[in-house]
Amino acid sequence: MAETITPEVRPDVTERPDTDSEASLEPGYLVICWNDPVNLMTYVTHVFMRVFGWPRTKAERHMLEVHEQGRSLLTRDSLERAEFYVHRLQHFGLQATLEREAT
Amino acid sequence: MRFHRTAPAEFRLELDGRERLLLARILQNYPSIPAHYHALSRNPPTAGDAVLRRAEALRQESLAEHRGTLRTAMTDLRQRLLDQSHPGRLVVDLVADDVDRLLQAVNDVRVGAWIRLGCPDPAEVEASDDPVRMDLGFRMYAAGHFEGLMLAGLLDPEPEAPPEDRRDEV
C-alpha cells in the first residue's frame with residue numbers, strides 16, 4: 001500500500017530547569033502501618049478499606065502483613081498525600097507513620 | 001444489640017435499654033488514647049528539617065480537631081442513648097461516615113484503657129481487685145463487644161440484588 005508522507009511537526013523543546021513542580025522534585029514518602037497487639041484484625045481490615053478504598057482481599061493482605069511481619073508498607077506518595085493518609089489512619093487509632101524514602 | 005446493613009452505605013443500630021446505658025458509659029470515656037501515642041514518623045524530624053517539623057505540627061492539629069469533632073458527635077449520641085423520654089429499645093440509622101465515627105470512638109476507648117493498663121497481652125488481661133484496673137478491664141471488654149458486633153455487620157457481604165427478570169417474583 002502506498003504511503004503518503006506527511007511532514008512531522010514537533011513542538012519546540014526549550015530547557016526550563018526551574019519550572020518543575022515541587023511535588024516532582026520532592027522525595028517519595030512511604031506510609032507504613034505498624035503492628036500493635038490491641039487493634040482487632042477486622043478493624044484494621046475495615047480501616048484500610050475505608051481509607052484507601054481497597055477491596056477486602058487487598059485490605060486483608062496488608063492487615064496480615066502488619067500482624068505477621070510487624071509492619072506493612074501501604075503506599076508511596078508525595079508528602080502531601082502521605083500526610084493525608086497518616087492523618088486518616090491515626091484518626092482511626094492505627095499506628096501509622098510516614099517515612100522518607102531512601103534515595 | 002443488632003447492627004446490620006440496610007443499603008450499600010446505610011446501617012441500622014438497634015439497642016435495648018441496658019445496651020443503651022452501656023454504650024453511653026463507654027462513650028463517656030472518649031477520648032482515652034493519649035496524644036503522644038501517635039507520631040508522624042518513627043524517625044523524628046531533626047531541628048533542621050523544617051518540612052517534617054511543619055508536617056508534625058499539622059498532624060497534631062489535625063488529630064486535635066478531629067477529636068473535637070468526634071467528641072461533639074459522641075456527646076450528641078450519648079444524649080439520645082440516655083434520653084429517658086423514649087426509654088427501651090432505640091433504633092439509630094447511620095450512614096457510613098457515622099459508623100466510622102462511632103467505631104473510632106469505641107476503639108479509642110478500648111485502646112486507651114489497654115494503654116492505661118500497661119499494654120498487656122489483650123488475651124491475658126487479668127481480673128483485679130483494684131477498682132481502677134477493674135474499670136479499665138471492663139471498658140476494654142465492653143468496648144470490644146460493641147466493636148466486634150459492628151465490624152461483623154460491616155464486613156458482612158452486601159446482599160446481592162436479585163437478577164432483573166426475577167425481581168417481581170415473590
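Kindly tabulate the residues in region A:64-94 with an accessible-area decrease of at least 20 Å² between the chain alone and the assembly of all protein chains, using a probe of 1.4 Å.
Hits at the 20 Å² cut-off: A:79, A:83, A:87, A:90, A:91, A:92, A:93.
Could you tell me the relative contact order of region A:25-100? Use alpha-carbon pairs under 8 Å, at least six residues apart, and round to a whole percent. Numbers along the way, then the final one.
Working: 108 pairs, mean separation 39.3, N = 76.
For region A:25-100, the relative contact order is 52 percent.
If you count only protein heavy atoms with a 1.4 Å probe, what accessible area per residue comes out for chain B, rounded to a whole Å²? Don't skip to the end; give the middle numbers.
Numbers: 9850 Å² over 170 residues.
For chain B, the solvent-accessible area averages 58 Å² per residue.
Please give me, ordered by residue number, the GluC sites (Glu not before Pro) of region B:112-152 that lie in loop per DSSP and have at most 10 other Cβ atoms within 10 Å. Each step should come with its number before you reach the end.
Working: sites: B:124, B:126, B:147; in loops: B:126.
Listed in order of number, the matching sites are B:126.
Specify whether the C-alpha gyration tensor of region A:25-69 places it in the rounded, prolate or oblate class, a ≥ b ≥ c being the square roots of the eigenvalues: rounded for a/c under 1.5, otherwise prolate if a/b is larger than b/c and oblate if not. Present the calculation step by step, with values, prior to reporting the outcome.
Working: a/c = 2.27, a/b = 1.46, b/c = 1.55.
Cα axes put region A:25-69 in the oblate bin.
If you take the square roots of the eigenvalues of the alpha-carbon gyration tensor of region B:57-113 and sort them as a ≥ b ≥ c, do you get rounded (a/c under 1.5), prolate (a/b over b/c) or oblate? All intermediate terms of the calculation are to be shown ahead of the outcome.
Details: a/c = 2.26, a/b = 2.19, b/c = 1.03.
In terms of gyration-tensor shape, prolate.
At a 1.4 Å probe, what is the % contribution of carbon and sulfur to the accessible area of region A:28-98?
Numbers: 1440 of 2940 Å².
Carbon with sulfur: 49 percent of the solvent-accessible area.
Amide H to amide H, which residues 5 or more places from residue A:74 or on other chains are under 5 Å from it, using H placed in the peptide plane?
Amide H neighbours of residue A:74: A:31, A:32, A:33.
Can you give me the Kirkwood hydrodynamic radius for region B:1-84, using every pair of distinct Cα atoms, in Å to one decimal? Can you show the working numbers first?
Working: mean 1/r = 0.0629 Å⁻¹.
After inverting the mean inverse Cα-Cα distance, the result is 15.9 Å.
Just to be sure I understand the model, the point goes 7 Å from the Cα along the line to the Cβ. What's the resulting residue B:28 to residue B:50 distance in nm?
Result for the modelled spin labels: 4.9 nm.
What's the buried accessible area, both sides, between B and A using a 1.4 Å probe, rounded to 100 Å²? All intermediate terms of the calculation are to be shown ahead of the outcome.
On the way: alone 11230 and 8020 Å², together 16430 Å².
Answer for the B-A pair: about 2800 Å² buried.
What is the projected area of the convex hull of the Cα atoms of chain B, averaged over all directions, in nm²? List each step's numbers first, then the result.
Details: hull surface 60.4 nm².
If you wrap the Cα atoms of chain B in a convex hull and average its projections, you get 15.1 nm².
Could you give the length gained by full extension between residue B:98 and residue B:138, i.e. 0.36 nm per residue of separation minus their alpha carbon distance, to one decimal place?
Details: separation 40, 0.36 × 40 = 14.40 nm, distance 2.48 nm.
My answer for the length gained is 11.9 nm.
Say R0 is 45 Å: what FRET efficiency, to the nearest 0.05, do residue B:36 and residue B:2 get from their beta-carbon distance?
E between residue B:36 and residue B:2, to the nearest 0.05, is 0.75.
Considering only B:134, B:74, B:150, give the residue with the highest GNM mean-square fluctuation for chain B, with springs between Cα atoms whenever their separation is below 10 Å.
B:134
What distance in nm lies between label points placed 7 Å from Cα along the C-beta direction at residue B:91 and residue B:123?
Going from the residue B:91 label point to the residue B:123 one covers 4.0 nm.
With chain B treated as a Gaussian network of Cα nodes joined by springs under 10 Å, which of B:63, B:22, B:102 yields the largest mean-square fluctuation?
B:63
Hey, can you list the residues from region B:58-102 whose accessible area shrinks by 50 Å² or more with all protein chains present, relative to the chain by itself (probe 1.4 Å, no ligands or nucleic acids)?
With the partner chains in place, region B:58-102 has these residues losing at least 50 Å²: B:100.
At residue B:76 and residue A:81, where each label point lies 7 Å from the Cα along Cα→Cβ, what is the point-to-point distance in nanometres?
Once both label points are built, they end up 3.3 nm from each other.
Averaged per residue, what accessible surface does region A:25-100 expose to a 1.4 Å probe, in Å²? Before the final figure, lay out the partial values.
Values: 3290 Å² over 76 residues.
Result: 43 Å² per residue.
Based on the Cα coordinates of region A:25-100, what is the per residue volume of their convex hull in Å³? Write out the running numbers ahead of the final one.
On the way: hull volume 5.6 nm³, N = 76.
In region A:25-100, the Cα hull volume divided by residue count equals 74 Å³.
The values are calculated or read from the model by the stated rules, or taken from the named source; none is laboratory data. It should be emphasised that the depicted structure is a prediction, and the values quoted were computed from it without experimental measurement. Note: ideal-geometry Cβ built from the backbone for every residue, glycine included; neighbour counts use all protein chains shown. Note: areas computed on protein heavy atoms with side chains; ligands, DNA, RNA excluded. Shrake-Rupley method; radii C 1.70, N 1.55, O 1.52, S 1.80 Å.
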